[in-house]
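Report on one structure; see the data block that follows.
What follows is calculated from the coordinates using simple rules that are stated; it is not laboratory data. Owing to the predicted nature of the structure, the values given are computational and were not obtained by experimental measurement. Heads up, the Cβs are rebuilt from the backbone with ideal geometry, glycines too, and the neighbour counts pull from every protein chain shown.
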Amino acid sequence: MTPLLEVRGVATGYGQSQVLFDMDLTVGEGQCVSLQGRNGMGKSTTVKAIMGLLPLWQGDILWRGKSIKGQAPHQIAQLGIGLTPEGRQVFPNLSVTENLVATARPAAKGIRGWTADRVFAFFPSLAARRRNFGNQLSGGEQQMLAISRALMTNPTLLILDEATEGLSPLIRQEIWKALDTLRAEGMSILVIDKNIGPLLRLCDWHTIVEKGHRVWEGNSQSLAADQALHRRYLGA
C-alpha cells in the first residue's frame, strides 16, 4: 500500500546552515507517528519542509505517492495536510470563531466534516470563549484553538509541532484525550512532543531524529523497552 506521506532523503536548512541531512519519514493511512529527538535536531525543520515553508536542497516529499516538492504552502494544505504549528500562532486580533472560519475548508463529499459547532462540542471550553480574541485566551485555550483551526481545514493528515509544550498537566491531559479520539476516528497524525509516555500510548510508530538524520524507527513496544535509546537520543 502506498504511504500517505513520505519524506525521502531530504536535505534543507536556513541560509548557509544545513539542518536536515538525508532525512526519511513515513506516515501511513490512518497511522499515528511520532517524531522525536532533542531540541535543535531537526524536528520542526522537517515539518517546515513538508509544508513547503522551506525549499528542499535534495530529496523529495510525496503525498499519496506523488511528489509535492516545490508546491506552495497553501497548495500543500489544500491536499489535506493540517498543521498545528509550534508556538500556536493563533490570530491575536480575531475572535475564536473568526480564527476557526478564517482558514476553513469544506470536507469531501460524503465525509462528516469539521465545523465550528463540531469543534465547540469537541473542546467545550472554547465554546464558552467563542467571542474572545486570540490574545485573550490562556496558553491551553490557544493550543485547543490551534488544533481546532487545523481541523477546520478537514485534513487527512494532522501535524502537531510540540503538541503540549508549556501547558499545565490538566490541559495536557485534555489535549492527549482529544488526540486519542481523533486517532480512534481514523485520522492520520504526525506528532512532535517531549512527553514519551503519552506518545507511546497514542502512536503505533516512532521516528527519532538526531542532527538532521533519522537514526531510529520502530513501534511503541520496541521504544519503551530500550532505555539506552532514550538516554542516547531523547535525554530521558
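Odds and ends about this structure:
- Efficiency of FRET from Cβ geometry, residue 71 and residue 215, R₀ 22 Å, rounded to 0.05: 0.20
- Net length gained if the chain between residue 112 and residue 16 were fully extended (0.36 nm per residue, minus Cα distance): 30.1 nm
- Calculated Rg and Dmax of the Cα atoms in Å (choose from (i) 16.9, 55; (ii) 18.7, 57; (iii) 17.3, 49), label: (iii)
- In loop segments of the stretch 140-207 as defined by DSSP, the GluC sites (Glu not before Pro) with at most 11 further C-beta atoms inside 10 Å of their C-beta are 185.
- Over the chain: helical MRE at 222 nm, DSSP H runs n ≥ 4 each giving -39500 (n - 2.57), nearest 500: -9000 deg cm²/dmol
- For the chain, the longest principal axis of the C-alpha atoms and the axis of helix 139-151 are separated by about 80°.
- Extended-chain gain in nm, criterion 0.36 nm per residue less alpha-carbon gap, residue 185 and residue 136: 14.5 nm
- The chymotrypsin sites (Phe, Trp or Tyr not before Pro) of the stretch 4-65 that meet both conditions, a loop assignment by DSSP and at most 15 other Cβ atoms within 10 Å of the site Cβ, are 57.
- 0 to 90° range, to nearest 10: angle between helix 169-184 axis and the chain longest Cα axis: 80
- For residue 194, the lysines whose Cα comes closer than 19 Å to its Cα, not counting residues fewer than 8 places off in the same chain, are 43, 48, 177, 211.
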